[in-house]
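The values are calculated or read from the model by the stated rules, or taken from the named source; none is laboratory data. Please read these numbers as outputs of a predicted model, since none were measured by experiment. All Cβ positions, even for glycine, are placed from backbone atoms using ideal geometry, and neighbour counts span all protein chains on display. All accessible areas refer to the heavy atoms of the entire protein, side chains included, with ligands and DNA or RNA removed. Shrake-Rupley method; radii C 1.70, N 1.55, O 1.52, S 1.80 Å.
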Amino acid sequence: MSATMTAPRRAHRSHRADGGGSLTGTGRLARFALRRDRIQIPVWAIALGGTIGYFLVVIPIAYPDPAALQTRAAIMKEPAGAMMAGPGYGLDNYTFGAMVSNELLGWLAVASALMSIFLVTRHTRDEEETGRAELIRANVVGRHAPLTAALITLAVANIAMGALLSAALIANDLAVADSLAIGAGVGLAGLVFGAVAAVTAQLSEHARAASGMAGAVLGLAYVLRGVGDAQEIGGSFLSWLSPIGWTQQTRAFVDLRWWPLLLCIALTAVLLVAAFLLAGRRDVGAGLMAAKRGRANATPALVHPAGLALRMERGSILGWAVGLFLTGLLTGSLGQGIVDSFESQPQLAEVFGGGSGGDLLRQTMASFLGFFAMGVAVFAVVSVNRMRKEETEGRTGAVLATDITRPHWLLSTFAVTAVSSAVLLLVSGFGLGLGAGASIGEMSLAWDFTVASLAYWPIVLCFAGLAVLAYGVLRAGVWWVWILLVGSILIGLYGPVLNLPEAVLDAEPFGLVPQVPGAELEAAPLVWMSVVAIALTAAGTLAFRNRDLEA
Amino acid sequence: MSAVIDVRNLSKSFGSVRALDDLDLRLEPGEVHGFLGPNGAGKSTTIRVLLGLLHADAGAVRVFGQDPWTKAVGLHRRLAYVPGDVNLWPKITGGEAIDYFASLRGGVDKARKQNLLERFDLDPTKKTRSYSKGNRQKVALIAALASDVELLVLDEPTSGLDPLMELVFQDCIGEAKRAGRTVLLSSHILAEVETLCDKVTIIRQGHAVQSGTLAELRHLRRTSITVVCDGDATSVERLSGVHDVRRDDGRVMFTVDDDALPTAMEHLLPLGIRSLISTPPTLEELFVHQYGSADAVPAGGEQS
Ligand SMILES: Nc1ncnc2c1ncn2[C@@H]1O[C@H](COP(=O)(O)OP(=O)(O)OP(=O)(O)O)[C@@H](O)[C@H]1O
Ligand SMILES: [Mg+2]
């Protein structure tokens, strides 16, 4: 090589080196990201492992013999059952393993997908939106380093989750290879949707919009495989359009095949290439979808603390409403299958609390209504906690420096949470009743369940009130509200099958609500709960009035 | 007339950090009062106590003669606040944010808002997230200036504004002053303070180290003199109150204490003055002196 050639070459190369250096700093960023997530990742992994653990305890109680398992298989043969669960491999000889891969795998994959979406958005778009990415990128950090670091974190989280899951299955004496396939499927589903989030994070300027779009893709994937699986046992071509479907198509514990997982890997690769291409084309902090213009003047609906809070919450309320309605509809449409299997298997009916026919349906659906109320309680607590962010980001201070009292501001914001909780309850009750009514041809159920859902309003407000109290006494933190809520939910869901002492079960808040319309409506507990909710909210408001504002 | 803001011996601690330590601050009606101090001195903390957002640990705080902690709302009807770090809600536009603040303060004056939008050259249809720092600040400024209040509390309101907007801001404060409004202006922009403020309070580590009119503060520093004389002007060195005498070409430069100025002039007069330039201390010099001086009352601020 001649000396004259080297000079321009070198210039060219140093230019290249800029591109190659686009990963500079990735290692440090990844370590930092993992450090930030050192609690979250184990919590997700253990929660999923715990779900399996729960099933290990519950299934032998609910389905003590092969005959009982077959009744379960009969439900899964129904289109509605297949829609909720999976493609239905091995239904003719239903085993615990087949049950895990048919009914549980899809939901586990959704959970890991959600974790991955949140994780990727948190480490990419959220960082940009808050302006922290700008500070980071201004250091010796390459263009692609933040995204790469987020993806490394994503991989670590999903490997941890998949490994823990497989270990839980293997520990329960299930076939090793199939257990590994389940773990790998769940981990890969996480990777795919993490990669989807890596793409959507490039599209929108807002973290919530980015995770919302990725969540919509996840919802679509679940519905696609649901419809496909409902169309025929083993799934139709629609099932093959969905990454969740691919994980289920490994037929683990029935007739294991690995290659569908290759589809997950290929899609992840394609998405990641797209994400990096998009990331390379845009400015830090910018999205590819330009922000739209809006009104120059506020409408009368906005210029009130409640109006503003509603505007801020609107998207999330809508998302919850659609999600709860669809889940309610699907759950309700299982009604016919449940009634059928109870009629053919009276001993199974006893497990669910006895009774017969229509009553049984109402009872079962009424207990499902309680599960939806738990979801709404989570919404309510999250919604109240939004006030914390408002305060730390300095907006509350600016508002309270105007002609508005602290109680007025707090209670207006709370009112939005309270009313939207009621709406969400009504929507889930309506969906559940509509689905159940349609499946047994009794449309009055839709109305019954819509009305019945309001029985859960006081208990939901109790948890919202706890969150208000926690906000009022800011120093006390909010973790104890979550412990109470999650504890109540866990005991409510699993308590009966875990044979917990009566006293514990009786004290579980959601269980205190009369199970209308399956049971008589008792007013006393509802009155008490309302009193408690009001007292908690009042105490929180008083505490808020007497403390320093954080920022 | 009673003071608009009257703070005496105010103390406030955050855990072990003593943010305010025996602070005094007094604003008479109609005055524009500069509030100065190094980073972490406690300016924002004082303002947040004045707004009733923080509870004073000790001392007497009166705004319009009332306690801002207990009477916050009644007081807020009479004042408008612009925070230093303006954080707006995502998803809404600048115009909507202005209306929101204004309506919380009791209604929007449409004409005034429009006028201010034009003067500050702000597009109200853009989403708050797409505003630059300066534009976010304009939103808060317009919301405050458009409301009909007696007191403006401004915490570094112009730290993101360009020089043209800075002039618009100064105009607006001038109008507010002519309208008889009182203004508390915390700022690091000394030229702005020098132009706008009647009085200044300088705080350091949570304690007011100087307070008074600019003229009074200038008294505390020496005037710089540059003189060309027929005779030998360096002889002023002998006088007490004269410092730093230097000769440069034919010019003699020195600084002189305020009370020694007449003696110095008497001394120079017989020497045949050809030219004389007297420069009063700039605010900057006052600042560097006050900010940097080690003799101020020690209080546990951010820096030890
Ligand atoms: N919420 C808080 N918790 C703990 N310490 C605080 C809090 N708010 C302020 N401080 C401390 O109080 C002191 C005064 O802060 P303050 O924000 O009032 O300073 P400032 O004069 O406004 O500074 P700047 O010019 O940088 O705006 C600082 O030492 C700061 O760290
Ligand atoms: Mg400040």
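Within this structure, B:Gly84 passes the test of being under 28 Å from B:Phe120 (Cα atoms) and within 16 Å of ligand 1 (Cβ to nearest atom).
With respect to B:Phe35, is the statement that it is over 30 Å from B:Arg178 (Cβ atoms), of a type in the set (Phe, Trp, Tyr) and within 15 Å of ligand 1 (Cβ to nearest atom) true?
Working: over 30 Å from B:Arg178 (Cβ atoms): no; of a type in the set (Phe, Trp, Tyr): yes; within 15 Å of ligand 1 (Cβ to nearest atom): yes.
Taking the combined requirement at face value, the residue does not satisfy it.
Could we say that B:Glu237 is open to solvent by 60 Å² or more (accessible area, probe 1.4 Å) and closer than 25 Å to B:Glu192 by Cβ here? Criteria not met by B:Glu237. Name the single residue, out of those in the range A:399-425 being surrounded by fewer than 21 Cβ atoms within 10 Å (Cβ to Cβ) and touching a Ser or Thr at 6+ places or on another chain (Cβ under 7 Å), that is nearest to A:Phe379 (Cα to Cα). Top of the filtered list is A:Leu411.
Among the residues of the range B:66-76, count how many are surrounded by fewer than 20 Cβ atoms within 10 Å (Cβ to Cβ) and at the interface with chain A (Cβ under 7 Å from one of its Cβ atoms). Going through the range B:66-76 one residue at a time, the tally reaches 1. The residue of the range A:324-352 that is farthest from A:Arg386 (Cα to Cα), among those that are at pLDDT 75 or above and open to solvent by 30 Å² or more (accessible area, probe 1.4 Å), is A:Ser333.
The set of residues in the range B:38-56 that are within 14 Å of chain A (Cβ to nearest Cβ), within 13 Å of ligand 1 (Cβ to nearest atom) and of a type in the set (A, V, I, L, M, F, W, C) comprises B:Ile47, B:Val49, B:Leu50, B:Leu51, B:Leu53, B:Leu54. In summary, helices (runs of 4 or more DSSP H) completely within the range A:466-546 and bearing 3 or more residues that are modelled with pLDDT of 90 or more occur at A:479-494, A:523-545.
Checked against (1) part of a strand (DSSP E or B); (2) surrounded by fewer than 24 Cβ atoms within 10 Å (Cβ to Cβ); (3) within 14 Å of chain A (Cβ to nearest Cβ), B:Gly59 meets all criteria but (3). The one condition from (1) within 20 Å of the chain's Cα centre (by Cα); (2) open to solvent by 10 Å² or more (accessible area, probe 1.4 Å) that A:Glu134 does not meet is (1).
Taking the range B:87-133 on its own, how many of its residues are within 16 Å of ligand 1 (Cβ to nearest atom) and at the interface with another protein chain (Cβ under 8 Å from one of its Cβ atoms)? Summing the residues that are within 16 Å of ligand 1 (Cβ to nearest atom) and at the interface with another protein chain (Cβ under 8 Å from one of its Cβ atoms) in the range B:87-133 gives 1.
Open to solvent by less than 30 Å² (accessible area, probe 1.4 Å), away from every other protein chain (no Cβ under 12 Å) and within 16 Å of ligand 2 (Cβ to nearest atom): does that describe B:Ser159? Spelling it out, it is not the case that B:Ser159 is open to solvent by less than 30 Å² (accessible area, probe 1.4 Å), away from every other protein chain (no Cβ under 12 Å) and within 16 Å of ligand 2 (Cβ to nearest atom). State which residue is most open to solvent (accessible area, probe 1.4 Å) when the search covers only the range B:31-42 and only residues that are within 13 Å of B:Leu185 (Cα to Cα) and not aliphatic (A, V, I, L, M). Out of the qualifying residues, it is B:Glu31. Within the range B:43-50, one or more residues are surrounded by 15 or more Cβ atoms within 10 Å (Cβ to Cβ), within 15 Å of the chain's Cα centre (by Cα) and of a type outside the set (Val, Ile, Thr).
For the range B:70-81, how many residues meet the condition of being within 16 Å of ligand 1 (Cβ to nearest atom) and in a loop (DSSP other than H, G, I, E, B)? Qualifying residue count for the region: 0.
Take the residues of the range B:12-24 that are within 16 Å of ligand 2 (Cβ to nearest atom) and surrounded by fewer than 23 Cβ atoms within 10 Å (Cβ to Cβ): which is nearest to the other protein chains (Cβ to nearest Cβ)? Don't jump to the end; show me each part of the working.
Let us first name the residues in the range B:12-24 that are within 16 Å of ligand 2 (Cβ to nearest atom), namely B:12, B:14, B:17, B:19-20, B:23.
If we keep only those that are surrounded by fewer than 23 Cβ atoms within 10 Å (Cβ to Cβ) as well, we get B:14, B:17.
Numbers: B:Phe14: 8, B:Val17: 13 Å.
That would be B:Phe14.
Of the strands (runs of 3 or more DSSP E) contained entirely in the range B:185-234, those carrying at least 2 residues that are farther than 21 Å from B:Ile277 by Cβ fall at B:199-204, B:207-213. Say whether the condition of being facing chain A (nearest Cβ under 8 Å), open to solvent by less than 50 Å² (accessible area, probe 1.4 Å) and out of contact with any Lys or Arg (no Cβ under 9 Å at 6 or more places or on another chain) is met by at least one residue in the range B:164-181. Taking every residue of the range B:164-181 in turn, none turns out to be facing chain A (nearest Cβ under 8 Å), open to solvent by less than 50 Å² (accessible area, probe 1.4 Å) and out of contact with any Lys or Arg (no Cβ under 9 Å at 6 or more places or on another chain). Of the residues making up the range B:25-54, just one is without any contact (Cβ under 8 Å) to a residue 40 or more places away in the chain and more than 16 Å from ligand 2 (Cβ to nearest atom), namely B:Gly52.
Within the range A:266-316, the residues that satisfy the criterion of being within 14 Å of another protein chain (Cβ to nearest Cβ) and hydroxyl-bearing (Ser, Thr, Tyr) are A:Thr299, A:Ser316. Per this entry, A:Val192 is not counted among residues that are at pLDDT 95 or above and over 27 Å from A:Val223 (Cβ atoms).
Determine which member of the set B:Asn9, B:Asn87 is in the same structural domain as B:Ala146 (by TED's automatic domain parsing), open to solvent by 10 Å² or more (accessible area, probe 1.4 Å) and not in a strand (DSSP E or B). Among B:Asn9, B:Asn87, only B:Asn87 is in the same structural domain as B:Ala146 (by TED's automatic domain parsing), open to solvent by 10 Å² or more (accessible area, probe 1.4 Å) and not in a strand (DSSP E or B).
Criterion first (open to solvent by less than 10 Å² (accessible area, probe 1.4 Å) and either more than 16 Å from ligand 2 (Cβ to nearest atom) or more than 8 Å from chain A (Cβ to nearest Cβ) (or both)) does B:Leu79 satisfy it?
Numbers: open to solvent by less than 10 Å² (accessible area, probe 1.4 Å): yes; either more than 16 Å from ligand 2 (Cβ to nearest atom) or more than 8 Å from chain A (Cβ to nearest Cβ) (or both): yes.
So B:Leu79 passes the test.
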